[in-house]
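Just so it is clear, none of the values below were taken in a lab; they were calculated from the coordinates. In this text, all values refer to a predicted model and were calculated from it rather than measured experimentally. Note that each Cβ is placed from the backbone with ideal geometry, even for glycine, and that neighbours are counted across all protein chains shown.
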Amino acid sequence: MSEYEKVRTGKLLLKGEKEKKKKRKHKSQKPKQQPKVDIDAIQHGNWWKTKTVEDIKGPVAIEFGKHTYIKALDNGLFTLGAPHSDGEGPYPEEILTAIQINERKIALKSGYGKYLSVDKNGAVVGRSDAIGSKEQWEPVFENGQMALSAYTDCFISIHSKDDSVIALSKVASKDEILQIRSQTIKEHNPLKDVPTEEQGSLEEIEVNYVRKFQKFQDKRLRICTEDKGALESAKSSGTLHETLLDRRSKMKSDRYCK
């Protein structure tokens, strides 16, 4: 039996037949997974749907409904633009620039170089030259849907009569549901979309803004000598730009100071 067990058993071969050897599949021959195609983004001209506050930076467009975006007018007001075809992205006047204030809030700037806010009548306007508390917006995400809250705690929507952009409702219903779309390439560079003035320490940021907005011809920097601890608390509360402007106004060195 011991000799018999040494004999290799296998398929019965007829005379003249050769045993076919099984080909071993190499691990590298496994089919590679194809990258996922974002059909929704393709249908919107490669403008993809943002899902977190961190996504909202650089060029963005605010979409209400399907393929319709809010549009900046030369009088500082906004309206809902005409519908786009599948595969078509927003027009230049429908593109905004998003700037992250902190982990919860953003600022939005129109193509006319003005920051968006809400006036006393609840109309969304783009007429501000600097970012203050009124120019800060909070994207709210819930159950896969999104709404955008103004400093008044009202959500923006489209007026049913004239298609103007307003912020009057304290509750986000279906009329306040929107999408913010971005074309920014996703990279692991945390400073990619941070303005140059805001890269560095708080002390460096203040110097950068003084250099940008000072109005003296001699170009000598006028830096506020008060405690810089206020800047740290202002950054965490989302009022950094407003605090920087106040500090510059005390030195009477800013072109926007009255």
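Subtracting the Cα-Cα distance of Ser237 and Ser85 from 0.36 nm times their residue separation leaves 50.6 nm of extension gain. Once backbone amide H atoms are built at 1.01 Å from N, Ser169 has Phe155 as its partners under 5 Å, excluding neighbours fewer than 5 places away on the same chain.
Phi angles of segment 222-228 translate, via the Karplus equation with coefficients 6.51, -1.76, 1.60 and θ = phi - 60°, into HN-Hα couplings of 10, 9, 5, 8, 5, 4, 7 Hz per residue; Gly and Pro are given as x.
With 22 Å as the limit, write out which pairs from Lys57/Lys174; Lys174/Lys235; Lys57/Lys114 have Cα-Cα distances beyond it, or answer none. Intermediate values should be presented prior to the final figure.
On the way: Lys57/Lys174 25 Å; Lys174/Lys235 33 Å; Lys57/Lys114 16 Å.
From Lys57/Lys174; Lys174/Lys235; Lys57/Lys114, over 22 Å: Lys57/Lys174; Lys174/Lys235.
Simple spin-label estimate for Asp119 and Ile177 gives 3.1 nm between the two label positions (7 Å along the Cα-to-Cβ direction from each Cα). Only alpha carbons enter this Debye calculation for segment 65-152, each as an equal point scatterer, and the log10 of I(q)/I(0) it gives at q = 0.13, 0.18, 0.20, 0.26 Å⁻¹ is -0.45, -0.85, -1.02, -1.37.
Rounded to the nearest 0.05, what FRET efficiency do Thr225 and Thr52 give with R0 = 35 Å and r taken as the Cβ-Cβ distance? Could you check? E between Thr225 and Thr52, to the nearest 0.05, is 0.35. For Arg104, Arg222, Arg248, the sequence from fewest to most other C-beta atoms within 10 Å is Arg104, Arg222, Arg248. Take Ser201 and Ala41, extend 7 Å from each Cα along the Cα→Cβ direction, and tell me the distance between the two endpoints in nm. Between Ser201 and Ala41, the label points sit 3.8 nm apart.
Would you please classify the overall shape of segment 142-185 from the alpha carbon gyration tensor, given that a ≥ b ≥ c denote the square roots of the eigenvalues, rounded means a/c under 1.5, and beyond that prolate means a/b larger than b/c while oblate covers the rest? Judged from the Cα gyration tensor, segment 142-185 comes out prolate (a/c at least 1.5, a/b above b/c). The 3J(HN,Hα) values that the Karplus relation (6.51, -1.76, 1.60; θ = phi - 60°) gives for segment 140-145 are, in residue order, 10, 10, 7, 6, x, 10 Hz. Gly and Pro appear as x. Remark: Val60, Val171 ranked as Val171, Val60, counting other beta-carbon atoms within 10 Å and listing the fewest first. Proximity of backbone amide H atoms, modeled 1.01 Å from N, is registered between Ser128 and Tyr115 at under 5 Å, excluding neighbours fewer than 5 places apart on the same chain. Charge dipole (Cα centre; +1 on Lys/Arg Cβ, -1 on Asp/Glu Cβ; no other charges) of segment 39-182 amounts to roughly 240 debye.
For segment 90-98, 3J(HN,Hα) computed residue by residue from phi via the Karplus equation (6.51, -1.76, 1.60; θ = phi - 60°) reads x, 6, x, 6, 9, 9, 10, 10, 9 Hz, glycine and proline entered as x.
For the pair segment 71-135 / segment 136-182, the C-alpha centres are spaced 13 Å from each other. Once C-alpha pairs closer than 8 Å and six or more residues apart are averaged by separation and normalised to the residue number of segment 39-182, the relative contact order reads 25 percent. Taking amide H as placed 1.01 Å from N in the peptide plane, Ile177 has no amide H partner under 5 Å among residues 5 or more places away or on another chain.
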